[in-house]
1. Sketch the reach of a paramagnetic label on A:Asn315 as a point 7 Å from Cα along Cα-to-Cβ, and name the residues of region B:291-316 whose backbone nitrogen lies under 20 Å away.
2. Just how much of A:His144 is accessible, in Å², when a 1.4 Å probe is used and the result is rounded to the nearest 10?
3. Mind checking B:66-77 for the average number of partner chain beta-carbons within 10 Å of each residue's beta-carbon?
4. What nm distance separates the two modelled labels at A:Lys111 and A:Val224, each placed 7 Å from Cα along Cα→Cβ?
5. Out of all DSSP beta bridges with both ends in chain A, state the antiparallel percent to the nearest 5.
6. Work out the length of the dipole vector of the protein assembly as shown about its Cα centre, built from +1 on the beta-carbon of each Lys and Arg and -1 on the beta-carbon of each Asp and Glu, and round it to the nearest 20 debye.
7. Put +1 on the Cβ of every Lys and Arg and -1 on every Asp and Glu Cβ in region A:159-316; which of A:Leu231, A:Gly184, A:Phe314 then has its Cα farthest towards the positive end of the dipole?
8. Defining the label point at 7 Å along Cα→Cβ, can you sort the distances from B:Lys69 to the same site in each other copy, shortest first, in nm?
Protein chains: 2
Amino acid sequence: MITKESIEQAHEKIKPYIHYTPVLTNTSINQMVGANLFFKCENFQKIGAFKIRGGMNASLSLSPEALAKGLATHSSGNHAQAMAFAAKTLGTKAFIVMPSNSPKVKVNAVKGYGAEIIFCEPNQAAREASLHQVVAETGAAFVHPYDDVRVITGQATCVKELLETVPDLDIVVAPVGGGGLLSGTALGAHYFKPLVKVYAGEPEGAADAILSFQSGKVEKAPYVNTIADGLQTTLSEQTLAIIRTHVSDIFLVSDADIKAALRLVYERMKIVVEPSCVVPLAAVIKHKTLFADKNIGIILTGGNVDLQKFADWFND
Amino acid sequence: MITKESIEQAHEKIKPYIHYTPVLTNTSINQMVGANLFFKCENFQKIGAFKIRGGMNASLSLSPEALAKGLATHSSGNHAQAMAFAAKTLGTKAFIVMPSNSPKVKVNAVKGYGAEIIFCEPNQAAREASLHQVVAETGAAFVHPYDDVRVITGQATCVKELLETVPDLDIVVAPVGGGGLLSGTALGAHYFKPLVKVYAGEPEGAADAILSFQSGKVEKAPYVNTIADGLQTTLSEQTLAIIRTHVSDIFLVSDADIKAALRLVYERMKIVVEPSCVVPLAAVIKHKTLFADKNIGIILTGGNVDLQKFADWFND
């Protein structure tokens, strides 16, 4: 259903609204890792994360009549900002269901784009019930954060750009949460550079994807506790199917691995990224032998951090 | 003594060893300030700061015989790293006099480039005595952090690049500590774009330059206490003379102003910078009316931060 052409069309459609983000390299990290790393900087993307790609593609896929009724989603993270930004840019309303315990910084960011926020109890059932009600009342179009063909297709434009900028990559590594970015990346690499292998990094404290990858069924994580707060969601049937077909392997990393990789990116690359971002780098560092001397693309997914958290991340 | 041609020659000489750093813009900061800001990102420079420009230019000005005896300086900051890196790159030794209370992170960075560190008591007299002794014993060439024509000429290459990247600037704003960057910037703007006005930002807690600028003599700061730790040094006769001739004005900002600007750069631009870096941005924000609707180049001088300090900067 997602084809090379549909990714190309999505890219043309969203290009006027997104940044073609730069790819950075760093000599000292390359020396440390023993490979050539190419970092696709989606932290510099509009709204500070790749999520605008899928969110904008889904929004632009709607008819003018459907779009006029508004956009709706449930999210406390970057997808909420993406939908709010898409609505503002396209001149419609956004209705964002957020758990009542969402960090104020994220609530303010969504409000800053002029979205209407509907608070709900912080559990999955309440989120879905609130969303259902909003959609029933407003007729707004629901865009799921990752279990949506339009979203996955939009996310696939990121690896397309990466392969345009660095054509001779051997490997691409992406993080995995709900699997929207990873499945899009795997499909994009498959269509645009079939010999490129795609791997994923996943936090030990949200290890559902690796279990699902092995069993072939959508599994729950044994426990959820990680600083990579963007990766705590669970794969869907759809993202799992793509990942099982096109991803070579998934590697687990600990929060200590993530913190060390985070420090490396801040100290050496001088850029602000979210902990979820550096899970692929942590995986590459942990499996140096496998990745030695390869040209490796790493998708740095976003930079929306609560600066107060720096104390937790860097004061060990 | 510093001419257009000498800056051009310095640039050609150091180009193989430095990055031609990118210029970033940010829509939301522009909207907030009501002007068009162009950030010259020297935090992405080799050694993480512009200081490599002057340090490398001074080193490359030496005869092979002089260079073979090594490079020497006293510094606990980015100039120390610049000289250590220059020595390593050019295949000679570096002798760096550092106060015994220098932060471990800075000592390690200098050690990482293979320099020999000579610790001294943390006062100016001890620094100079130790340096004198090192130079007498080794014959190494002393390169002052800013009171040196070769260094000022090297720093001037930064604004040269900025004006090449963004030819239609109205104003350039740089921070001022010892005045090496500011005097180089003022001269560079004067030669390459005479209509560009150059302003400086200075911390209230190290307010020597503004006093010297007014009186015409090198004055001491009334007190030294600021998070902008790269700007605590005092102008020299030489840098003051250039600044009095070519700088339009100097603006003071408080540490609260600096922290607010720092937060803006981290949250909106997603880049890691030192507090000293954002003093010009803080000055522009404080004097919005003067800068309204102008095209303003801002030199972001460096990104070598101790991540442990984030807690102090961002947890108010």
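1. Flagged as within label range: B:305-316.
2. 40 Å²
3. Average per residue, whole number: 0.
4. For the pair A:Lys111/A:Val224, the computed spacing is 2.5 nm.
5. Restricted to chain A, the bridges split so that about 10 percent are antiparallel.
6. Its charge dipole is roughly 560 debye.
7. A:Gly184
8. Ordered by distance, the counterparts are at 8.3 nm.
The values are calculated or read from the model by the stated rules, or taken from the named source; none is laboratory data. All values derive from a computational prediction rather than experimental measurement. Ideal geometry is used to build each Cβ from the backbone, glycine not excepted, and the neighbour counts take in all protein chains shown. For accessibility, only protein heavy atoms count, side chains too; no ligands or nucleic acids. Shrake-Rupley method; radii C 1.70, N 1.55, O 1.52, S 1.80 Å.
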